[in-house]
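S.K.: I'd like to ask some things about the structure below.
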Amino acid sequence: MISQPSRHCTVELKALPSRIGQVRRIISAQLRYWHLDPLIDPAALGVTELLTNVHRHAQPDKMCTVDVELRPERVTVSVSDHDPRLPAVNHALPFDTCGRGLALIAAVSESWGIRPQGDTGKSIWFTLPASPAALALALRPVYGATTDGPFLGVAALGPGTGEHGRTAARSAVFG
């Protein structure tokens, strides 16, 4: 039994268009694991906007880190890159095809900001409110592939076998 599920997820990647969808799926899976399904869409939108900014603007490289952290009553998502230049919130015109990323993040999040890291880069973060009921679920004990869980008699069959003698499935998602 895992008594305290992990409250942090980190993904390091090169911000390429092909990787953005993968990161969205990772963030979605992590939020499902924490029982925070209502936050999936705003978190995916926010991380997509931030990774797109890294892809389009970051210099000298496109390497970045995405962090998702479950904190009391909120989830914090941040994207850090190696470009020390700080972005600006643009005021896009109705027919502009870009320039709305940070405004979208401000619209869907509880709060957001930028943390400069000297000459080595920056981190842009946003928070989403998590309901107390969802947090209570997220902190409950979780059963995984390394435990017997609530199923009686499984351990008696030996490691790696299920209740009917078949090989037990293993979880690929862990927190």
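The values are calculated or read from the model by the stated rules, or taken from the named source; none is laboratory data. The structure displayed is predicted, hence computed values, not measured ones. Cβ atoms come from the backbone with ideal geometry, glycine included; neighbour counts cover every protein chain shown. Quick note on the areas: whole protein, heavy atoms, side chains included, nothing else; ligands and nucleic acids left out. Shrake-Rupley method; radii C 1.70, N 1.55, O 1.52, S 1.80 Å.
S.K.: With θ taken as phi - 60° and the coefficients 6.51, -1.76 and 1.60, list the Karplus ³J(HN,Hα) couplings across the range 21-29 in order, rounded to whole Hz; mark glycine and proline as x.
M.R.: After applying 6.51 cos²θ - 1.76 cosθ + 1.60, I find x, 4, 5, 4, 5, 5, 4, 4, 5 Hz.
S.K.: Using +1 at the C-beta of Lys and Arg and -1 at the C-beta of Asp and Glu, which of 13, 35, 54 has the Cα lying farthest in the positive direction of the dipole of the range 7-58?
M.R.: 13
S.K.: What figure in square angstrom, to the nearest 10, would you give for the accessible area of residue 18 with a 1.4 Å probe?
M.R.: It works out to around 90 Å².
S.K.: For the range 62-122, what does the alpha-carbon gyration tensor say about shape, rounded, prolate or oblate, given a ≥ b ≥ c as the root eigenvalues, a/c under 1.5 as rounded, and a/b over b/c as prolate? Display every interim value, and only then the final one.
M.R.: Values: a/c = 2.27, a/b = 1.19, b/c = 1.92.
Since a/c reaches 1.5 but b/c is at least a/b, the shape of the range 62-122 is classed as oblate.
S.K.: If amide H atoms are built 1.01 Å from N in the plane of the peptide, which residues on other chains or at least 5 residues away come under 5 Å of the amide H of residue 75?
M.R.: Amide H neighbours of residue 75: 128, 130.
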